[in-house]
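Encoded as structure tokens, the structure appears first; notes follow it.
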Amino acid sequence: MSDSPPKLSSSIQAVVLVGGEGRRLRPLTDTRPKPMMPLVDRPFVAHQLDHLRRHGVVDVIFSCGYRPNALRDHFGDGRGHGVVLRYVVDPDPLGTAGAVRNASHLIHADRILVVNGDILTDLDLTALMAQHDESGAEGTIALTPVEDPSAYGLVRLRGDRSVEEFVEKPSPDELRPGEPCLINAGTYVLERRTLDRIPAGTKVSIERETFPLIVDDRRLFGFPSDAYWRDIGTPASYLDANLDVLTGALSTDAPAGPIYVGAGATIDPLAQVVGPVSAGAGCSVAACAVVERAVIGDRSRVERGAHVTGSVLGTDVRVGEGAILAGLVVVGDGAVIAAGQHIEGPATVPTGRPHV
């Protein structure tokens, strides 16, 4: 990556919402914000920066909350990642709209691309922005299809893709025969004037409070897409996201392949590693150990004869000799699994606390 700053466009900026605590991902997020969770070879939010840059969006604002210094310390001014990066910290949780409004003093562009900081996707941002321009929209929402929208909010479109209504967690009798089940995919294009709809310093939901105002003016449009899409907010989804990157289920800048081995990691020739597996920097897998469909954090150790399948280890974890972790066991940073222990998931092992 060049040391020179990228050329900025005056027409588009991105605001990435990275303020969440990631409570559903605890204990993995006890020591880091969710956007800094590793996804194969880089923090999760680095994949979002890569995605933005591939579509020519290089002027980026991180709207932070929980542990903002972890983001600043890693990404700095963004130059090493091919973007110009600035930061704003919400004094209190302000919701999705309030967080964007809180960044308004850094927003100079005509349009704003808003990205939820826990969504992994290879959505065609160029096509999204083109539709926004062509439709004359004030706001455009990326939408993804699901088989059952009852756990989400259905976004119902008219024939011209303008949003007719939002139906929160619809029951079967609220669905129209044959209609597509489209839900909010967490990526939006907004005109700058939309900021005027959001009161400053107030907790406001863009989905529940701001978008309905634009619907009333018939200026909110949807952009349906069957691109890869995953919310990484749960341990199961986080594990699957790592495996999907490794298997090439979506386009990323990360190395694809059944097994990723980070710098300085060692895997004994007598160990059995069955991909997809992500083995972080400096980790080790000893002889006769078995690792299958798993994420092994940096500097973690899987000792002789231990089995780790379908599970996630944080950083600096030790899995003792002959221990077995199976079925989505999530182990926090620095934890120790005692030799011979058998933990069947779903289960969590807290950060830095031996499991005996």
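Read the figures in this text as sums done on the coordinates, not as results from a lab. Computed from a prediction, not measured in an experiment: that's the story for all the values here. Glycine also receives a Cβ, built like all others from the backbone with ideal geometry; neighbour counts cover every protein chain displayed.
Compute the whole-percent fraction of alpha carbon pairs in segment 5-76 spaced more than 18 Å apart.
40
Along the Cα→Cβ direction, 7 angstrom out, place labels at Thr202 and Leu106. What is the inter-label distance in nm?
A separation of 2.4 nm, rounded to one decimal place.
Between Glu321 and Ala127, what length in nm is gained on full extension when 0.36 nm per residue of separation is reduced by their alpha carbon distance?
Full extension of this stretch gives 64.7 nm more.
Return the whole-Å distance between the Cα centroid of segment 277-341 and the Cα centroid of segment 209-257.
A separation of 29 Å, based on Cα centres.
Which angle from 0 to 90°, rounded to the nearest 10, does the C-alpha axis of helix 235-247 make with the longest principal axis of the chain?
90
Consider all pairwise Cα distances in the chain and report the whole-number % of them above 26 Å.
Details: 33276 of 63190 pairs.
The proportion of pairs with Cα distances above 26 Å equals 53 percent.
Give the long-range amide H neighbours of Gly117: residues separated by 5 or more places, or on another chain, with amide H under 5 Å away, using H modelled in the peptide plane at 1.01 Å from N.
Here the answer is Leu17, since their amide H atoms fall under 5 Å of that of Gly117.
Diagonalise the Cα gyration tensor of segment 258-349 and give the resulting equivalent ellipsoid semi-axes, square root of 5 times each eigenvalue, largest first, whole Å.
Result for segment 258-349: semi-axes of 17, 13, 12 Å.
Taking 0.36 nm per residue of separation and subtracting the Cα-Cα distance, what length does fully extending Glu134 through Arg79 add?
Computed gain between Glu134 and Arg79 is 16.6 nm.
Quick one: 3J(HN,Hα) in Hz for segment 166-180, Karplus 6.51/-1.76/1.60 with θ = phi - 60°, rounded, Gly and Pro as x.
For segment 166-180, the Karplus curve yields 10, 10, 6, 6, x, 7, x, 6, 8, 7, 8, x, x, 6, x Hz.
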